[in-house]
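Data first, discussion second: the structure below is written as structure tokens.
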Amino acid sequence: MKEFNIIGLCYPGGCFMVDTSDKIEKILDLIYKKKYFVINRPGQYGKTTTMTLLELRLLKSDEFLEKDLRLLFIMFLKPILNGYGFCFKEVQTGAEKRLDIVIVFKNEKFIVELKLWKGDEAHRAGLAQLKSYMKAESVKEGYMLIINKNKNKDFKDWEDEGVFCVMM
């Protein structure tokens, strides 16, 4: 049975809501053309729901790449940092390598590596890559966000020698 939801996320089929599927298609078109978009509306207009539906569409897409994950993660970070910090994508190191995301928040630096799950061997290589970045940047802790597109998956989090990993 559908219900009225006046705060937070609405679920298609479970809540009375405006159909935003045409907006999702337009936003996806902008994303794939590497363009920006802004959702700027007053409360209860579907901003959270639209962004969640967009995220779900991107994650299910065969075209979803690590660069798309980077974009979604930065969109998630911006309101959190909100003038107290900055995030930079694909920061070049002195060793001619690129860090996925560097966050500077209240005078602390955080290195985040974003990966699509491609198996244990690729995961170990990603961990080694992040640890080398941490050493080069003199950072004691690193973060790895892994998206697993497999249908049968569990949310997992663990620590591996100073690297905090989350798989979802």
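Rule-based calculations on the coordinates, nothing more; no lab input. Computed from a prediction, not measured in an experiment: that's the story for all the values here. Please note: Cβ atoms are built from the backbone with ideal geometry, for glycine as well, and neighbour counts cover all protein chains shown.
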For helix 66-81, what angle does its Cα long axis make with the longest principal axis of the chain, in degrees from 0 to 90 and rounded to 10? 80
Any lysines with Cα under 20 Å of the Lys151 Cα? List them, leaving off those in the same chain fewer than 8 positions away. Lys60, Lys115, Lys118
Report, to the nearest 10°, how far helix 47-60 tilts away from the longest principal axis of the Cα atoms in the chain, using its own Cα long axis and a range of 0 to 90°. 60
For the chain, cysteines with no other Cys Cβ under 4.7 Å from their own Cβ are listed as Cys87, Cys165
Can you figure out the FRET efficiency of Lys26 with Leu71, using R₀ = 22 Å and their beta-carbon distance, to the nearest 0.05? 0.90
With +1 at each Lys and Arg Cβ and -1 at each Asp and Glu Cβ, the charge dipole magnitude of the chain around its Cα centre, to the nearest 20 debye, comes out at 420
Any chance you could run the full-extension gain for Glu137 through Phe86? It's 0.36 nm times the residue separation minus the Cα-Cα distance, nm to one decimal. 16.7 nm
Just checking my list (i) 19.2, 66; (ii) 16.3, 66; (iii) 17.9, 58 against Rg and Dmax of the Cα atoms in Å computed from this structure; which label fits? (iii)
Taking the Cα centre of the chain as the origin and placing charges on Cβ (Lys, Arg +1; Asp, Glu -1), which of Cys87, Ile31, Ala136 is farthest toward the positive end of the dipole? Ile31
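Sort 74-84, 142-152 for me by packing, meaning the mean count of neighbouring Cβ atoms within 10 Å per residue, highest on top. Could the numbers behind the result be given before it?
Details: 74-84: 11.5, 142-152: 15.3.
The peptides rank, most packed first, as 142-152, 74-84.
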Run the simple label-point estimate for Lys33 and Phe155 please: 7 Å along Cα→C-beta, distance reported in nm. 3.6
